[in-house]
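Every number here is computed from the coordinates shown, using simple stated rules; none is lab data. Being a predicted model, the structure only gives us computed values, none of them experimental. Reconstructed Cβ throughout: ideal geometry from the backbone, glycine too, with neighbour counts over all protein chains shown.
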Amino acid sequence: MIEIKKILVATDFSEGAEQAYPVAQKLASTFGSKVDFIHVIPTIKYLNESIKKIGVPFDMEKDLYPKVMKESEHQIEKALNTFIREENTGEYFVKIDRKPSDTIVKHAMENDYDLIIMGTRGRDLTEMFRGTTAEKVIRSSKVPVFSVDASFNENEVRNIVVPTDTSAVSFAAFPLAVALASVYNSEITLFHVLELYGSISENIPRKPDKDEKYTIYESLIQRLNDYLSDAEIDSIHIQNTETDFEDQVVVTEEGETITIPLHTNIVKGVSAHIEIENFASEEADLVVIATHGYSGFSHLILGSTAEKVAENVEKPVVTIRPDKDQLKSRKHLEEEA
């Protein structure tokens, strides 16, 4: 099963940002992780240039930023030590940059973090569900991003929804969903949308004695097991039960075995992201979704659809960008579909 050893919490010290702190501690306690905090002070480029032009004896670099930097370091150190237990406490970082989202993504990549956690509404409140900084981090980060809102209750994560288009790329989100399900003692639902204008699964060979949804369900579970095998994730296996669309995730590690209920829900709809958002709003406590994949195979869930889901679904979302090099061995599945 996936391990989460290094967690980066991005914060602007707002109430929205604070929603990420207990989530980080919960995961750190489970996986024995170290938690680092990062705060980015945005530069005010045009204001600085305007002040220079009108001749005001005030230098942003010398007079303002050092004071803001010092205060920010005090705040971030206090937050880290207050909300994160000593055994999980890592480092804190305060940076100055014009684009906070770029700085967060770059820092996470360069320092090999396993997960970024951030509140969905910080100081940059917008009409959309996610704050603009969180949206940009989700869009560009190669490190998984767990975006948390105020409604998240770690004691009520009963169902984790994993949208899939039946491709190996979309299955890249599954191991992380399993890890989170083990933390929160949750069930998992695979959710697939048969779009009116076409999807990968429409080319799965139909069996005369089976209806369309059942054929897709059988293929989906087989492909998921194939993905886990090819990715050499030997600790996770899908075990069939006697009930259609109801299976079990079997996780075996260090001689211990746990089982997680796995449901498969297949619906027909005009738009994948709308169907996902509607289903998640009613049934999900957490959504785990792959954000990017191979060009040409992202008809349903990957790319823009996933971004729309991450931006608009009113539930906490974990986004993960697959490692394309690791998935090349599965490419033939999409070509056959």
- Query: Hey, can you rank 280-286, 161-167, 309-315, 35-41 by average C-beta count inside 10 Å, highest first?
  - Reply: 161-167, 35-41, 309-315, 280-286
- Neighbouring Cβ atoms within 10 Å as the yardstick, rank THR319, THR89, THR30 fewest first. THR30, THR89, THR319
- Note on the structure: The set of residues whose placed amide H lies less than 5 Å from the amide H of ILE117, leaving out same-chain residues fewer than 5 positions away, is LEU8, VAL9, ALA10, PHE146
- Query: If the limit is 28 Å between Cα atoms, which of LYS70/LYS142; LYS5/LYS67; LYS5/LYS78 go over it?
  - Reply: LYS70/LYS142; LYS5/LYS67
